Amino acid sequence: MSYNLQVTIDKSSGFCFGVVYAIEMAEDILDQEGYLYCLGDIVHNDEEVERLTARGLKIIDHEVLKNLKNEKVLIRAHGEAPSTYQLALENNLILIDASCPVVLKLQNRIKNSHDDNEQILIFGKHGHAEVIGLQGQTDGKAIVFQDLAELDAVDLPAKFTLYSQTTKSTDKFYHIKDELLGRGYEVKANDTICRQVSNRYDELEKFVADFDKIIFVSGKKSSNGRVLYDVCKKHNENSYFVSNVEDIDQSWFAENDKVGICGATSTPMWLMEKVKVALEQY
């Protein structure tokens, strides 16, 4: 039986400019030199990482970096802590810095707050590359939390400055701010969420309403993917999270379904197109 699915890809999904910039820089050097070291996954998408490693990208971690000398190393869009730049100087490494400008601006603001002796709270994901870079601006003194419950066990000062990882939910950030103000703290809140990400909430909300089923394509490590998938699920309960074509289950669909495909800021367009081709074959 043919399902005859009507499949449409969301035009506003796919890489944000920070990721596009990092990948273009990597590809330019790979074309010229055949290999390039990259500190951490260039993007939180295994399929795209695989495509670039096949072209010569060598993903390394901070342990490997310590012993690397006289090489070029790409800093991805998430940014890095000051200690990485210091190590690069000591090891005579050339850094190809593809840190996202939105992240760099945030790092700068956090560093200035820290230099002014403000206690800093960062709403972000523990262990996330961007958050590690942000915390590095404060010599590790910033308090990182994923949700409010974590702060119950922390003895907070009466006054502090609140920042956010750039890919967090705007609604959740303002809810946290209001909640902390309601508890009597003096909060200096800085909304540092990337508008290219937050604008996608509204775009997705409108997009998913038009379809019987939604296939949301994202790497499992993508924070932004989780947030955007939740938006899809909230506005269309027939939304399914997949990382690749193999994750799709034919039983999700009925004959003549209108299917929408969308993705995270770390999802390559070629992967969404691959999913579209697979669905059209059902």
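Just want to confirm a number: the relative contact order over segment 70-218, from Cα pairs under 8 angstrom separated by 6+ residues, in percent.
Values: 202 pairs, mean separation 29.5, N = 149.
Once divided by the residue count of segment 70-218, the mean separation gives 20 percent.
Let me spell out the model: positive unit charges on the Cβ of Lys and Arg, negative unit charges on the Cβ of Asp and Glu, origin at the Cα centre of segment 16-76. What dipole size does that give, in debye rounded to 20? Before the final figure, lay out the partial values.
On the way: 7 positive and 13 negative charges, 60 e Å.
Charge dipole of segment 16-76: 300 debye, to the nearest 20.
Just read off the accessible area of Cys100 with the full protein assembly in place, 1.4 Å probe, to the nearest 10 Å².
Using a 1.4 Å probe on the heavy atoms, I get roughly 20 Å².
Over the chain, what is the relative contact order in percent, taking alpha-carbon pairs closer than 8 angstrom and at least six residues apart? Show your work: numbers first, answer last.
Details: 504 pairs, mean separation 70.8, N = 282.
The value is 25 percent.
Could you point to the residue in His62, Leu156, Cys100 farthest towards the positive end of the chain's charge dipole, with +1 and -1 charges on the Cβ of Lys/Arg and Asp/Glu respectively?
Leu156
What percent do you get for the relative contact order of segment 39-136 when only Cα pairs under 8 Å and 6+ apart count?
Details: 106 pairs, mean separation 27.3, N = 98.
Normalised by residue count, the contact order of segment 39-136 is 28 percent.
How much mean residue ellipticity at 222 nm does the chain get from its helices, if each DSSP H run of length 4 or more adds -39500 (n - 2.57) and you divide by all residues, to the nearest 500 deg cm²/dmol?
On the way: 10 runs with 115 residues, N = 282.
Taking each H run of at least 4 residues, the total per residue is -12500 deg cm²/dmol.
Return an integer: the convex hull volume of the alpha-carbon atoms of the chain, in Å³ per residue. Mind dumping the intermediate values first?
On the way: hull volume 37.7 nm³, N = 282.
So the per-residue Cα hull volume is 134 Å³.
Roll a 1.4 angstrom probe over the protein heavy atoms and tell me the percent of accessible area of segment 17-99 that is carbon or sulfur.
Numbers: 1980 of 3930 Å².
Carbon and sulfur together cover 50 percent of it.
Once each part is reduced to its C-alpha centroid, what is the distance from segment 88-116 to segment 219-261 in angstrom?
35 Å
Quote the charge dipole size of the chain about the Cα centre in Debye, to the nearest 20; the model charges only the Cβ of Lys and Arg (+1) and of Asp and Glu (-1).
With Lys and Arg at +1 and Asp and Glu at -1, about 400 debye.
Which residue, chosen from Gln119, Leu180, Leu271, occupies the Cα position most advanced towards the positive end of the dipole of the chain, where the dipole is computed from +1 (Lys, Arg) and -1 (Asp, Glu) charges on Cβ about the Cα centre?
Value: Gln119.
Just to check, using Stokes-Einstein with a Kirkwood Rh over alpha carbon pairs, what's the diffusion coefficient of segment 192-282 at 4 °C and 1.567 mPa s in µm²/s?
Values: Rh = 13.3 Å.
Approximately 98 µm²/s, per Stokes-Einstein.
Karplus couplings for segment 132-139 from phi (6.51 cos²θ - 1.76 cosθ + 1.60, θ = phi - 60°), rounded to Hz, Gly and Pro as x?
4, x, 5, 5, x, 6, 10, 6
Amide H neighbours of Ala189 under 5 Å, at least 5 residues apart or on other chains, H built in the peptide plane: list them.
Leu162
Just the number, please: carbon plus sulfur as a percent of the accessible area of segment 191-282, 1.4 Å probe, no ligands or DNA/RNA counted.
Values: 1850 of 4070 Å².
With neighbouring chains kept in place, the figure for segment 191-282 is 45 percent.
What residue among Phe216, Phe17, Phe173 has the largest mean-square fluctuation in a Gaussian network model of the chain, using Cα springs under 10 Å?
Top of the fluctuation ranking is Phe17.
Please compare each pair in Lys141/Lys233; Lys111/Lys233; Lys172/Lys206; Lys66/Lys172; Lys125/Lys233; Lys105/Lys141 to a cut-off of 30 Å on the Cα-Cα distance and tell me which ones are over it.
Working: Lys141/Lys233 36 Å; Lys111/Lys233 37 Å; Lys172/Lys206 20 Å; Lys66/Lys172 37 Å; Lys125/Lys233 21 Å; Lys105/Lys141 19 Å.
Those over the limit are Lys141/Lys233; Lys111/Lys233; Lys66/Lys172.
Counting other Cβ atoms within 10 Å, keep those with at most 15, restrict to DSSP loop, and tell me which GluC sites (Glu not before Pro) in segment 183-282 are left. Let's see the in-between values first.
Values: sites: Glu186, Glu203, Glu205, Glu237, Glu246, Glu255, Glu273, Glu280; in loops: Glu237, Glu255.
Within segment 183-282, the qualifying GluC sites (Glu not before Pro) (loop, at most 15 other Cβ atoms within 10 Å) are Glu237, Glu255.
How large is the charge dipole for segment 102-193, taken about the Cα centre, if only the Cβ atoms of Lys, Arg (+1) and Asp, Glu (-1) carry charge, to the nearest 20 debye?
Numbers: 11 positive and 14 negative charges, 54 e Å.
With only Lys, Arg, Asp and Glu charged at Cβ, the dipole is about 260 debye.
Over segment 231-276, with the other protein chains present, what is the accessible area per residue in square angstrom, probe 1.4 angstrom?
Numbers: 2050 Å² over 46 residues.
Accessible area per residue, segment 231-276: 45 Å².
The values are calculated or read from the model by the stated rules, or taken from the named source; none is laboratory data. Predicted, not measured: the structure shown is a model, and the values here were computed from it. We place every Cβ from the backbone using ideal geometry, glycine too, and count neighbours over all the protein chains shown. With ligands, DNA and RNA removed, areas are computed over all heavy atoms of the protein, side chains included. Shrake-Rupley method; radii C 1.70, N 1.55, O 1.52, S 1.80 Å.
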